[in-house]
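The values are calculated or read from the model by the stated rules, or taken from the named source; none is laboratory data. Here the structure is a predicted model, which is why all the values come from computation and not from measurement. Every residue, glycine among them, receives a Cβ derived from its backbone with ideal geometry; neighbour counts consider all protein chains shown. Surface areas here come from the heavy atoms of the whole protein model, side chains and all, with no ligands, DNA or RNA. Shrake-Rupley method; radii C 1.70, N 1.55, O 1.52, S 1.80 Å.
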Amino acid sequence: DKGTYPYYMLKEIDEQPNVMRNLASLYTQESGRPNIDQDLINTMKQADRIYIVGAGTSYHAGLVGKKLFEKLTHVPTEVHVASEFAYDNPLLSDNPFFIFLSQSGETADSREVLVNVNAHDYKSLTITNVENSTLFREATYTLLLHAGPEISVASTKAYTAQIGVEAILAKALGEAKQQVIAEEFDIRQQLGLVATGMQAIIDEKDMIEDLAKKYFVPTSKAFYIGRGIDQTVSLESALKLKEISYVQAEGFASGELKHGTIALIEEGTPVVGIITQKRTANLTRSNLQETMSRGAQTFTIVRKGLAQDGDTIIIPDVDEMITPLLSVVPAQLIAYYTSLNKGLDVDRPRNLAKSVTVE
Ligand code: F6R
């Protein structure tokens with residue numbers, strides 16, 4: 001039931017602060033220690049490489065997961081689009097561990113990979129929102145997102161919940177591997193900050209709607225750019241805009257733009273820079289500047305500690321490892337309000353189904 005909300009998507013965006021609090025209380029103890037099945041951690045400890053598999057938004061959550069696992073556990077981690085992995089026969093390490101990310105737990109592309117993984121007796125974990133779904137039943141281990149049903153075709157709270165679970169899991173594994181950075185990473189406290197931060201962004205939704213109406217409703221194309229973890233969020237941000245507002249949007253590594261794609265920038269093309277990482281903030285700012293001097297209408301989504309005069313949307317400070325949990329929220333809202341103000345069916349975009357059960 002969507003209650004007083006015009007669309008499920010807005011309801012589901014609004015639920016994200018609570019989803020973060022739920023994850024903190026379900027998967028961490030009051031002391032801050034992770035509360036994750038010890039057997040799962042022991043198995044993961046044996047792995048020399050982690051393979052994350054997903055499609056669409058779940059793939060994008062996997063890209064963030066790679067950063068988390070590599071930072072907090074030092075286990076090399078690969079992320080694969082399910083439909084590619086299934087038929088590409090990728091070379092595996094001696095002792096691989098597979099993580100399947102799937103909101104629905106029914107995505108056929110991901111399941112095809114899991115069938116192969118099981119045929120080889122490799123160990124796997126499914127992180128899903130749906131208990132007893134196919135991927136839930138067929139994996140060795142499972143972790144539920146506990147995000148509540150996601151009805152809108154455009155995935156929002158499942159993405160942030162997947163990242164939340166990955167962060168807790170990476171901390172748990174990192175601690176088991178005695179990584180100091182994992183021991184010092186207070187994920188419980190961070191998820192609390194994230195919940196408050198998400199709410200602060202959602203409270204600015206009227207401002208974001210104005211921006212969407214003025215710059216994104218009239219355009220046929222747009223760009224999100226960033227570096228590192230911000231680049232992964234640019235992909236998810238662009239996907240949201242594409243699927244529900246039909247704006248041809250691209251997420252791009254900001255430094256790579258000048259190697260060709262910048263040719264697409266025209267007078268008024270919206271380009272949003274995502275800036276949450278200290279090391280690369282100034283680089284992305286100069287890449288934005290390059291698009292501006294070619295006529296782009298530029299915007300920024302910036303972490304508070306890195307904000308400057310003239311920034312568009314300022315998101316609260318959280319640990320740089322988990323900024324996607326906040327930086328994606330303005331992009332979700334831009335997509336939502338662009339679709340809404342174009343008079344489209346936000347929850348049921350053309351050509352799409354909520355769960356894709358064909359390969
Ligand atoms: C995007 C979206 C899709 C799904 C993808 C995988 O908003 O919803 O890209 O993320 O079809 O679905 P799941 O996560 O159910 O495997």
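Can you find, within region 280-302, the residue that is surrounded by the most Cβ atoms within 10 Å (Cβ to Cβ) among those that are over 22 Å from the mean Cα position of the chain (by Cα) and of a type in the set (V, I, T)? Filtering region 280-302 for residues that are over 22 Å from the mean Cα position of the chain (by Cα) and of a type in the set (V, I, T), the one surrounded by the most Cβ atoms within 10 Å (Cβ to Cβ) comes out as T291. Identify, please: which residue in region 86-105 is away from the ligand (no atom under 16 Å from the Cβ) and in a strand (DSSP E or B) and is, among those, nearest to V53 (Cα to Cα)? Per the criteria, the residue is F97. Checking S133, S124 one by one, the residue that is surrounded by fewer than 23 Cβ atoms within 10 Å (Cβ to Cβ), more than 10 Å from the ligand (Cβ to nearest atom) and either at pLDDT below 95 or of a type in the set (S, T, Y) (or both) is S124 and no other. When every residue of region 156-173 is checked against the conditions, none turns out to be touching a residue at least 60 places away in the same chain (Cβ under 8 Å), open to solvent by 10 Å² or more (accessible area, probe 1.4 Å) and out of contact with any Pro (no Cβ under 6 Å at 6 or more places or on another chain).
Cβ-Cβ contacts under 6 Å between residues 6 or more apart (or on different chains), taken from a first residue in region 256-271 that is touching a residue at least 12 places away in the same chain (Cβ under 8 Å) to a second residue that is of a type in the set (A, V, I, L, M), are listed as I265/A296; T269/A296; P270/A222; V271/A296. Can you find a residue in region 272-287 that is touching an Asp or Glu at 6+ places or on another chain (Cβ under 6 Å) and among the β-branched types (V, I, T)? Looking for residues that are touching an Asp or Glu at 6+ places or on another chain (Cβ under 6 Å) and among the β-branched types (V, I, T), one finds at least one in region 272-287, hence yes.
Out of all the residues in region 37-86, which are of a type in the set (S, T, N, Q), under 13 Å from G174 (Cα atoms) and under 21 Å from the mean Cα position of the chain (by Cα)? Correct list: T73 only.
I'd like to check something: does region 314-330 contain any residue that is touching a helix residue (DSSP H, G or I) at 6+ places or on another chain (Cβ under 8 Å), open to solvent by 50 Å² or more (accessible area, probe 1.4 Å) and not charged (D, E, K, R)? Checked region 314-330: at least one residue is touching a helix residue (DSSP H, G or I) at 6+ places or on another chain (Cβ under 8 Å), open to solvent by 50 Å² or more (accessible area, probe 1.4 Å) and not charged (D, E, K, R).
When region 227-262 is limited to residues that are open to solvent by 10 Å² or more (accessible area, probe 1.4 Å), touching a Gly at 6+ places or on another chain (Cβ under 9 Å) and under 14 Å from S327 (Cβ atoms), the one that is farthest from the ligand (Cβ to nearest atom) turns out to be R227.
At least 3 residues being more than 15 Å from I334 (Cβ to Cβ) and over 20 Å from the mean Cα position of the chain (by Cα) is the threshold, and among the helices (runs of 4 or more DSSP H) wholly inside region 158-238 those reaching it are 180-184. Among the residues of region 55-85, the ones that are open to solvent by 10 Å² or more (accessible area, probe 1.4 Å), at negative phi and assigned to a helix (DSSP H, G or I) come to 12 in all.
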